[in-house]
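Peer 1: Here's a structure for you.
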Amino acid sequence: MDKIYEIVAAPRTGRTLVLLVVLFPFLAALFVSLFGKRGRRVALLLALVHLGLAVSVAAIASMHLGTRDELSAGRGTDHAKFEPAMVPGARVGDDGRTAWTLMSLTATPPSAGRAGPFVQFFVGVDGLNLWLVALTSFMVVPAILVSWESVTERRGAFYAWLFVLQGAAVGAFLSFDVILFYVFFELTLVPAFFLIGRWGPGSARRDAARKFFLYTLAGSLLTLVGVVGVVVTNPDPTTGQITFSLPDLMANVQHWLNAAQAEAAAGKPEKLAALHQTQLWLFVALMAGFMVKTPIFPFHTWLPSAYGEAPIGVTVLLSAVLAKLGTFGILRFVLTLTPDAAVAYGLPVVGTLAAFGIVYAALCAYAQKDMKQMAAYSSVSHLGFVVLAVFAFNTEGVAGSVLHMVNHGLSTGAVFALLAFLADRYRTTSMTQYGGLMGRFPNFAVLAFVLCLASVGLPGLNNFVSEMLMLGGLFRADAPKNHHYALAGIAAFSIFLSSWYIMTMLQRVFFSPPKEPPADAPGAAPPGDVNSRELIAFGSLAALCLVLGVYPQPVLDTMRADVRIVTRIGDDARVRVYGEPKPTKVLVAAEPNNGKQDR
């Protein structure tokens with residue numbers, strides 16, 4: 001047991017690195033804002049420093065997460081809960097809790113070995129957030145590189161807001177205190193609002209920023225109601241105190257559900273029915289903000305205007321990182337804090353909306369004449385696939401959805417980054433203005449083909465692996481009336497639809513008769529092919545898509561223990577909702593079973 005605690009607490013170096021990963025972007029924002037027009041070079045240097053910190057965290061955490069999985073594989077615990085590693089402020093033997101309290105709702109001083117009503121700076125690393133943090137850190141670099149020429153006014157302020165956006169996203173991914181998560185989750189709205197409204201290239205940028213802010217704020221306020229509701233209705237069974245610690249909340253939720261199930265087995269189903277009714281309302285409240293943030297049809301209407309009016313560098317971060325906060329929130333909070341409602345209503349209700357949105361957004365993407373709008377609707381369609389897999393609530397679905405959050409962030413962010421090549425040279429991304437670019441810009445064409453093929457899930461590139469896992473999870477999902485088979489069929493059809501509109505775009509832009517928009521200045525030299533700055537931005541994205549397509553196993557290995565925690569909660573919830581235990585198998589990676597047969 002001491003070894004487990006040592007792994008949960010992690011070395012002091014790892015805890016310091018995690019703290020730096022959270023705080024460094026905010027310090028970088030203050031620093032880069034002082035440089036004005038010279039801010040872009042300073043911003044790039046600071047982004048590379050943060051990327052180095054994130055890579056160090058990933059390297060250290062990968063070793064500890066793998067060891068933790070081996071040590072905890074045979075542990076018999078009453079309740080499944082997350083065990084974050086590298087927690088700043090934690091001490092060995094404190095079960096991974098931090099001693100850094102931001103606000104206390106009781107006069108009793110906080111105890112490191114006991115849950116209580118304390119809002120804490122509780123951040124840490126596990127298999128579900130590690131690679132999303134690395135993605136967030138990495139995507140800031142191409143976002144800065146593609147903004148190099150397009151952002152000419154108040155550069156220091158622009159890059160400062162980019163770092164605030166990065167810091168808020170990283171803080172949300174790493175948070176294990178539900179109030180701290182909500183603070184970071186809401187904080188992402190502020191930099192995004194200013195980046196779209198101040199630096200957007202279009203005339204409707206302020207309306208788009210206002211719509212984005214109001215939509216996401218309204219949904220997030222309902223999510224806050226859901227968070228508070230979960231905290232209040234699930235006190236500690238021993239002390240009766242509330243807690244804001246996510247691992248402790250998970251244990252409390254499972255305790256009260258299991259107690260109600262025991263009473264139902266004894267012929268008293270009233271308490272279980274009441275808990276299910278409460279969970280339904282909490283499920284609706286929690287989902288409100290995450291459905292808007294993802295977004296899920298019909299709460300997606302802010303996205304095309306926000307993506308279309310934002311600077312392309314900002315759109316890279318919005319699509320690659322911020323949209324993942326919605327799907328990550330569903331996985332981290334909705335499945336674990338309202339598991340019975342997620343089993344009962346996830347696929348039948350939310351999954352149906354997501355499936356409709358997959359087809360609707362794909363058809364909208366095909367109908368677009370502007371490539372930026374096409375990529376925006378494509379993002380809605382792909383994220384609907386992730387939502388379906390999350391609510392499959394099994395090993396393949398959860399692992400595939402986490403991997404696809406990373407893969408989709410790379411591929412869709414890369415597609416938006418590619419458009420900066422055309423926007424910088426011709427000030428337009430209208431598909432009708434281009435033709436024959438294969439002969440005009442051969443290096444750009446090769447990079448575009450690789451990244452677009454990654455987006456449609458070509459075998460050997462990153463999206464293929466996660467899409468196959470998600471489809472496997474949907475086909476194995478336990479849902480009444482075989483509803484999951486229809487959803488799996490729609491998800492599979494969405495892969496064809498994405499190929500349809502992406503290939504149509506490639507054919508029109510690269511292989512149709514040669515055509516270019518008129519140059520901004522008569523007599524100016526013709527635009528050149530990919531330069532060294534763009535080659536670094538696009539080439540690094542293409543290389544990562546290839547690496548994750550060929551060898552994704554290290555990413556899957558680090559998340560194995562946490563995926564098992566989530567799926568164990570799902571298995572127990574299915575017993576309470578449907579009344580029959582379902583056999584489960586682990587197809588992602590082999591687990592040590594100490595000579596025992598799999599359930």
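The values are calculated or read from the model by the stated rules, or taken from the named source; none is laboratory data. This one's a predicted model, so the numbers in the text were calculated from it and none came from an experiment. Glycine also receives a Cβ, built like all others from the backbone with ideal geometry; neighbour counts cover every protein chain displayed.
Peer 1: Just one of (1) over 25 Å from the mean Cα position of the chain (by Cα); (2) modelled with pLDDT of 85 or more; (3) not in a loop (DSSP other than H, G, I, E, B); (4) not charged (D, E, K, R) trips up Leu34, so point out which.
Peer 2: Among (1) over 25 Å from the mean Cα position of the chain (by Cα); (2) modelled with pLDDT of 85 or more; (3) not in a loop (DSSP other than H, G, I, E, B); (4) not charged (D, E, K, R), the lone unmet condition for Leu34 is (3).
Peer 1: Inside the range 223-272, can you point out the residues that are closer than 29 Å to Leu174 by Cα, out of contact with any helix residue (DSSP H, G or I) (no Cβ under 7 Å at 6 or more places or on another chain) and outside any helix (DSSP H, G or I)?
Peer 2: Hits for the range 223-272 are Thr238, Thr239, Gly240, Gln241, Ser245.
Peer 1: Ok, one more. If a residue has to be modelled with pLDDT under 80 and either among the acidic types (Asp, Glu) or under 19 Å from Gly240 (Cβ atoms) (or both) to count, how many in the range 105-122 make the cut?
Peer 2: Residues flagged as modelled with pLDDT under 80 and either among the acidic types (Asp, Glu) or under 19 Å from Gly240 (Cβ atoms) (or both) within the range 105-122 amount to 11.
Peer 1: Quick one: how many residues across the range 208-232 are of a type in the set (Val, Ile, Thr) and either more than 10 Å from Leu282 (Cα to Cα) or touching a Pro at 6+ places or on another chain (Cβ under 7 Å) (or both)? Working first, answer last.
Peer 2: At the first step, the residues of the range 208-232 found to be of a type in the set (Val, Ile, Thr) are 216, 223, 225, 227-228, 230-232.
Filter again for either more than 10 Å from Leu282 (Cα to Cα) or touching a Pro at 6+ places or on another chain (Cβ under 7 Å) (or both), leaving 216, 231-232.
Total satisfying the criteria: 3.
Peer 1: Is it true that some residue in the range 489-503 is in contact with a Lys or Arg (Cβ under 9 Å, 6 or more places away or on another chain), closer than 30 Å to Val151 by Cβ and surrounded by fewer than 24 Cβ atoms within 10 Å (Cβ to Cβ)? Working first, answer last.
Peer 2: To start, the set of residues in the range 489-503 that are in contact with a Lys or Arg (Cβ under 9 Å, 6 or more places away or on another chain) comprises none.
No, the range 489-503 contains no residue that is in contact with a Lys or Arg (Cβ under 9 Å, 6 or more places away or on another chain), closer than 30 Å to Val151 by Cβ and surrounded by fewer than 24 Cβ atoms within 10 Å (Cβ to Cβ).
Peer 1: For the range 174-188, give me the residue count where each residue is in contact (Cβ under 8 Å) with a residue 24 or more places away in the chain and surrounded by fewer than 21 Cβ atoms within 10 Å (Cβ to Cβ).
Peer 2: Applying the first criterion (in contact (Cβ under 8 Å) with a residue 24 or more places away in the chain) to the range 174-188 yields 174-182, 185-186, 188.
Filter once more, keeping what is surrounded by fewer than 21 Cβ atoms within 10 Å (Cβ to Cβ): 179, 186.
Final tally of qualifying residues: 2.
Peer 1: So in the range 225-241, with the set limited to residues that are surrounded by fewer than 20 Cβ atoms within 10 Å (Cβ to Cβ) and in contact (Cβ under 8 Å) with a residue 24 or more places away in the chain, which one is farthest from Thr294 (Cα to Cα)? Quick ask: steps written out before the conclusion?
Peer 2: Of all residues in the range 225-241, those surrounded by fewer than 20 Cβ atoms within 10 Å (Cβ to Cβ) come to 225, 228-229, 231-233, 235-241.
Within this subset, residues satisfying the condition of being in contact (Cβ under 8 Å) with a residue 24 or more places away in the chain are 225, 229, 231, 233, 236, 239, 241.
Values: Val225: 19, Gly229: 22, Val231: 24, Thr233: 27, Asp236: 32, Thr239: 37, Gln241: 33 Å.
Filtering first and then ranking leaves Thr239.
Peer 1: Which numbered condition in (1) of a type in the set (Gly, Ala, Ser); (2) at pLDDT 70 or above; (3) out of contact with any helix residue (DSSP H, G or I) (no Cβ under 8 Å at 6 or more places or on another chain) is the only one that Ala85 fails?
Peer 2: Condition not satisfied by Ala85: (3).
Peer 1: Of the conditions (1) more than 19 Å from Gly171 (Cβ to Cβ); (2) modelled with pLDDT of 90 or more; (3) surrounded by 14 or more Cβ atoms within 10 Å (Cβ to Cβ), Tyr5 satisfies every one except a single condition; which number is it?
Peer 2: Evaluating Tyr5 over (1) more than 19 Å from Gly171 (Cβ to Cβ); (2) modelled with pLDDT of 90 or more; (3) surrounded by 14 or more Cβ atoms within 10 Å (Cβ to Cβ) leaves (2) as the failure.
Peer 1: Still on this structure, please answer the following. Determine, yes or no, whether Ser411 is under 30 Å from Leu145 (Cβ atoms) and under 20 Å from the mean Cα position of the chain (by Cα). Before you say what the answer is, go through the steps one by one.
Peer 2: Details: under 30 Å from Leu145 (Cβ atoms): yes; under 20 Å from the mean Cα position of the chain (by Cα): yes.
Spelling it out, Ser411 is indeed under 30 Å from Leu145 (Cβ atoms) and under 20 Å from the mean Cα position of the chain (by Cα).
Peer 1: Could you say which residue among Ala454, Ala477, Ala491, Ala420 is farther than 23 Å from Val398 by Cα and in contact with a Leu (Cβ under 9 Å, 6 or more places away or on another chain)?
Peer 2: On the way: Ala454 fails: farther than 23 Å from Val398 by Cα; Ala477 fails: farther than 23 Å from Val398 by Cα; Ala491 fails: farther than 23 Å from Val398 by Cα.
Exactly one of Ala454, Ala477, Ala491, Ala420 is farther than 23 Å from Val398 by Cα and in contact with a Leu (Cβ under 9 Å, 6 or more places away or on another chain), namely Ala420.
Peer 1: Is it true that Thr223 is out of contact with any strand residue (DSSP E or B) (no Cβ under 8 Å at 6 or more places or on another chain), of a type outside the set (Lys, Arg) and within 16 Å of Thr336 (Cα to Cα)? It would help to see each step written out before you state the result.
Peer 2: On the way: out of contact with any strand residue (DSSP E or B) (no Cβ under 8 Å at 6 or more places or on another chain): yes; of a type outside the set (Lys, Arg): yes; within 16 Å of Thr336 (Cα to Cα): yes.
Yes: the conditions hold for Thr223.
Peer 1: Residues being under 24 Å from Leu410 (Cα atoms) and among the charged types (D, E, K, R): count how many of those fall in the range 428-452. Show your work before the answer.
Peer 2: Filtering the range 428-452 for residues under 24 Å from Leu410 (Cα atoms) gives 428-431, 437-438, 441-452.
This time we only want the ones that are among the charged types (D, E, K, R), so: none.
Selection size over the range 428-452: 0.
Peer 1: Sort out which residues of the range 289-318 are small (Gly, Ala, Ser), touching a Leu at 6+ places or on another chain (Cβ under 9 Å) and either part of a helix (DSSP H, G or I) or at pLDDT 90 or above (or both), and write them in order of number. Walk me through it before giving the result.
Peer 2: Filtering the range 289-318 down to residues small (Gly, Ala, Ser) leaves 289, 305-306, 308, 310, 313.
Then keep just the ones that are touching a Leu at 6+ places or on another chain (Cβ under 9 Å); that gives 289, 306, 310, 313.
Gly289, Ala306, Gly313, listed by residue number.
Peer 1: Ok, one more. Take residues that are buried (at least 18 other Cβ atoms within 10 Å of the Cβ) and modelled with pLDDT of 90 or more and tell me which of the helices (runs of 4 or more DSSP H) falling wholly in the range 424-479 contain 3 or more.
Peer 2: Fully inside the range 424-479 and qualifying: 442-455, 462-475.
Peer 1: Here's something else I'd like to know. Return a yes/no flag: does the range 358-372 have any residue that is of a type in the set (Asp, Glu) and not in a helix (DSSP H, G or I). If you could, list the steps in order and put the result at the bottom.
Peer 2: Of the residues in the range 358-372, the ones of a type in the set (Asp, Glu) are 370.
Imposing the further condition that a residue be not in a helix (DSSP H, G or I) reduces the set to 370.
Yes; the residues of the range 358-372 include at least one that is of a type in the set (Asp, Glu) and not in a helix (DSSP H, G or I).
Peer 1: Filter the range 495-513 for residues that are aliphatic (A, V, I, L, M) and under 13 Å from Ala448 (Cα atoms) and give the result.
Peer 2: Narrowing the range 495-513 to residues aliphatic (A, V, I, L, M): 495, 497, 502-503, 505-506, 509.
Scanning the range 495-513 gives Ile502, Met503, Met505, Leu506, Val509.
A quick yes/no check of all residues on (1) more than 30 Å from Thr558 (Cβ to Cβ); (2) β-branched (Val, Ile, Thr); (3) modelled with pLDDT of 90 or more; (4) surrounded by fewer than 24 Cβ atoms within 10 Å (Cβ to Cβ):
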{"site": "Tyr345", "(1), (2), (3), (4)": "yes, no, yes, yes"}
{"site": "Leu353", "(1), (2), (3), (4)": "yes, no, yes, yes"}
{"site": "Cys364", "(1), (2), (3), (4)": "yes, no, yes, yes"}
{"site": "Val386", "(1), (2), (3), (4)": "no, yes, yes, no"}
{"site": "Gly400", "(1), (2), (3), (4)": "no, no, yes, no"}
{"site": "Ser411", "(1), (2), (3), (4)": "no, no, yes, no"}
